[in-house]
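The values are calculated or read from the model by the stated rules, or taken from the named source; none is laboratory data. Source: prediction; values computed, not measured. Cβ atoms come from the backbone with ideal geometry, glycine included; neighbour counts cover every protein chain shown.
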Amino acid sequence: MFLRSSLMFLLPVFLLLSTQAFAQGGWRQWEIYFLDGTSVEASPLQLRNDGRFTRSMDPKEAGFAQARIDYLAATTKQLPPAPTGKYKQDVVVMLDGKRAFGKVRFKTLKFSEGTFVQNGKEISLENVAYVKFAHPKATLKRSQKD
């Protein structure tokens, strides 16, 4: 009897938890931090064909120009410190804290996973904590109008 009542209690709990995971799609969550200090959650983070980052699967979403984005941050329990300040080159921070500097060019980004090229190496987002974009002064002025 105890086993049966325990199962009757645990089954709805299990179903509730699995429904929430399914509703999120099972992909990794990201935060998009903008140069103006605001941020939005990306669920999932994607890159459209026109080069704009999106935060959902809505095909009507306008997306965000890279020129407005300070950095992308993976949402996970343990992250190394975020890169702060201004950089002359893009910065990629891995989950283990290692940093790499150089222009980042995304090849693919769909359902919060993808690859980019930095310094001639193709890198997966799987172990990336942050991607911080460099913003030369001309880009900063142009992005404020975007």
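Do you know which residues across the stretch 72-118 are closer than 19 Å to Ser56 by Cα and free of Cβ contacts under 8 Å to residues at least 40 places away in the same chain? Those that are closer than 19 Å to Ser56 by Cα and free of Cβ contacts under 8 Å to residues at least 40 places away in the same chain: Lys107, Thr115.
Let's see how each residue does on (1) touching a Gly at 6+ places or on another chain (Cβ under 9 Å); (2) surrounded by 12 or more Cβ atoms within 10 Å (Cβ to Cβ); (3) within 21 Å of Trp27 (Cα to Cα):
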position: Leu72; (1), (2), (3): no, yes, yes
position: Lys77; (1), (2), (3): no, no, yes
position: Gly97; (1), (2), (3): no, no, no
position: Gly102; (1), (2), (3): yes, yes, no
position: Glu113; (1), (2), (3): no, yes, yes
position: His135; (1), (2), (3): no, yes, no
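The set of residues in the stretch 110-139 being more than 22 Å from Gly85 (Cα to Cα), touching a Lys or Arg at 6+ places or on another chain (Cβ under 9 Å) and not aromatic (Phe, Trp, Tyr) consists of Ser112, Glu113, Gly114, Thr115, Val117, Glu122, Leu125, Glu126.
For beta carbons closer than 7 Å, sequence separation of 6+ or different chains, a first residue in the stretch 50-67 that is under 18 Å from Lys107 (Cα atoms) and a second that is loosely packed, with under 13 Cβ neighbours inside 10 Å, the qualifying pairs are Arg55/Glu41; Ala65/Asp146; Gln66/Gly51; Ala67/Asp146.
Residue-wise test of (1) surrounded by 14 or more Cβ atoms within 10 Å (Cβ to Cβ); (2) at pLDDT 90 or above; (3) out of contact with any Asp or Glu (no Cβ under 7 Å at 6 or more places or on another chain); (4) under 21 Å from Glu113 (Cα atoms).
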site: Phe14; (1), (2), (3), (4): no, no, yes, no
site: Leu35; (1), (2), (3), (4): yes, yes, no, no
site: Ser43; (1), (2), (3), (4): yes, yes, yes, yes
site: Asp50; (1), (2), (3), (4): no, yes, yes, yes
site: Thr54; (1), (2), (3), (4): yes, yes, no, yes
site: Ala62; (1), (2), (3), (4): no, yes, yes, yes
